[in-house]
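What follows is one structure encoded as structure tokens, with my remarks underneath.
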Amino acid sequence: MTLRGEMRAVSMNEVRQKLRVAVEVAETGAPVMVLEHGHPAAVMLRFDEVERAIRLERALSALHGLEVYPELARDTSELAALVSGRVRPTLSAIRRLAGERREILAPLRTVGVREMQRVVADVIDRVQAGQPMTISLDGGLPAVLVSPGEFDRLRELARIESWFRAAGLDLTSASEQEIADFVRRFRERPATVAESAAS
């Protein structure tokens, strides 16, 4: 996931009046923060970034099956120790992770640009309640609105994705077998100083 473009902030009134412009900004890869009374209410992301995040979630599920829980690392510096198995999370931490909402995995819900301009407050309410809304425009699906909390979670996942990519595994395209092979190879190699310190 990129999620690195410079964030733009727009009010709900601007969304109502200039939704197409906000969608165009999101399509460039820059997240668009929708403000309600000056507070974050939703974040508009490019559709393919959300699709990429969904593929990342599937890869994380495969890692969970191997008893690797990257999301429990407090920082990416702890990931090597977690993947190697030298640090094991507590059962309570795993249960907490299992209870976290993953809003982007909800069923696809779409709203057309004209409809959203009429009922923008209702759409934002649904997004804040944990129901991402995909915007349809000219026969395509250019952008998705997610809650600010989900946006923060996705940014954390993007850091995990970057670590795995640097370590040699693209989580968004790897098969379950490739993930299992990566973990096996990672566990067979000698521990680094950082991993030993984390143990």
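Summary of computed values
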{"item": "Among A80, Q131, M12 the positive-end extreme of the charge dipole of the chain (Cβ point charges)", "result": "A80"}
{"item": "Cα-centred dipole magnitude for the chain, charges only on beta-carbon of K, R (+1) and D, E (-1), debye, nearest 20", "result": "220 debye"}
{"item": "Ellipticity estimate at 222 nm from DSSP helix runs (n ≥ 4, -39,500 (n - 2.57)) divided over the chain, nearest 500", "result": "-16000 deg cm²/dmol"}
{"item": "Packing-based exposure ordering (other Cβ within 10 Å, fewest first) of R52, R126, R114", "result": "R114, R126, R52"}
{"item": "Computed over the range 8-198: relative contact order in percent, which uses C-alpha pairs under 8 Å that are six or more apart", "result": "27 percent"}
{"item": "Loop-located GluC sites (Glu not before Pro) in the range 74-122, at most 10 other Cβ atoms within 10 Å (DSSP)", "result": "E100"}
{"item": "The chain: antiparallel DSSP beta bridges as a percent of all, rounded to 5", "result": "65 percent"}
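Computed from the coordinates by the stated procedures, all read-outs in this text should not be read as laboratory data. Everything numeric in this text was worked out from a predicted model, so none of it was measured. Positions of Cβ are backbone-derived with ideal geometry, glycine not excepted, and every protein chain shown enters the neighbour counts.
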